[in-house]
Amino acid sequence: MIKKTLLEAYSRPRQNGVNAITLREDDGLIQVCMTNGNNEVIIANRNGRAIRFHESAVRVMGRTASGVKGMTLDEDNTDEVVGMICIKDKEKETVLVVSEQGYGKRSSIEDYRITNRGGKGVKTINITEKTGKLVAIKNVTDENDLMIINKSGIAIRMKVADLNVIGRATQGVRLINLEKRNDEIASVCKVLSESEEEIAEQKAEQEARQENEGRELSENQASLGTDVDLPESEEDNEQNDNEEITE
């Protein structure tokens, strides 16, 4: 299920939060994205398929609505949605998928044809015993790094730019070797690359330093204005001298 709600519907939050969606007993919320009204959405399922449609296919609803069908799942009692991405820059972004056995790949967004919501979608990765089921889908650029954490607590970080863009219906390449540990992927996230991260940190430090300097300057000016007698100007001194002579 998928739904779209105006941001102003959350303008009066309560201390314990407000309802964002009405869920069935066997359902759960897995993804939230901010859109501008003209974005495209891709939803992926555990069995390795993905569906792409424009967000205009989903009408605006209230906070407590349960939504409409975004994707039809397989009837094998194991299939489920694993993620959703909102495409905002089709020229720079690519689709990255990761399987539970550590395989992954990047594909062009144009490999996913636009359809109406509610369909079964197209193959986004070739699921085999070696790859395992799909666990994550992300929209990435060459400026991103990929963080992968497995269920035993091991994490790795790699550059997205090191992954070639390949076909949609392939099984991908091995991103992390899990065979020796008999492990599986637990979570995947994208972060800024180290160079971009350093630039962001330097900018934040510079802004904080400027803010501190401005605060210190204001405090010093306030202190001088209340505690220190400022010298009189020359005009004031001359006026005082003339007054003394007149007397």
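The values are calculated or read from the model by the stated rules, or taken from the named source; none is laboratory data. None of the values given here were measured: they were computed from a predicted structure. Cβ sites come from the backbone with ideal geometry, for glycine too, and all protein chains shown count toward neighbours.
Listing for the model above:
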{"quantity": "Residue 12 vs. criteria among the basic types (Lys, Arg), surrounded by fewer than 11 Cβ atoms within 10 Å (Cβ to Cβ) and at pLDDT below 95", "calculated": "yes"}
{"quantity": "Some residue of segment 45-52 being in contact (Cβ under 8 Å) with a residue 40 or more places away in the chain and either over 30 Å from residue 162 (Cβ atoms) or exposed (fewer than 14 other Cβ atoms within 10 Å of the Cβ) (or both)", "calculated": "no"}
{"quantity": "Checklist (1) among the aromatic types (Phe, Trp, Tyr); (2) modelled with pLDDT of 95 or more; (3) under 25 Å from residue 175 (Cβ atoms) applied to residue 103, failing item", "calculated": "(2)"}
{"quantity": "Number of positions in segment 124-154 that are under 24 Å from the mean Cα position of the chain (by Cα) and modelled with pLDDT of 90 or more", "calculated": "19"}
{"quantity": "Residue 99 vs. criteria in contact (Cβ under 8 Å) with a residue 60 or more places away in the chain and in contact with a Leu (Cβ under 6 Å, 6 or more places away or on another chain)", "calculated": "yes"}
{"quantity": "Unique match (being over 16 Å from residue 95 (Cα atoms) and in contact (Cβ under 8 Å) with a residue 40 or more places away in the chain) among 178, 146, 134", "calculated": "178"}
{"quantity": "Total residues in segment 1-36, condition small (Gly, Ala, Ser) and closer than 15 Å to residue 65 by Cβ", "calculated": "2"}
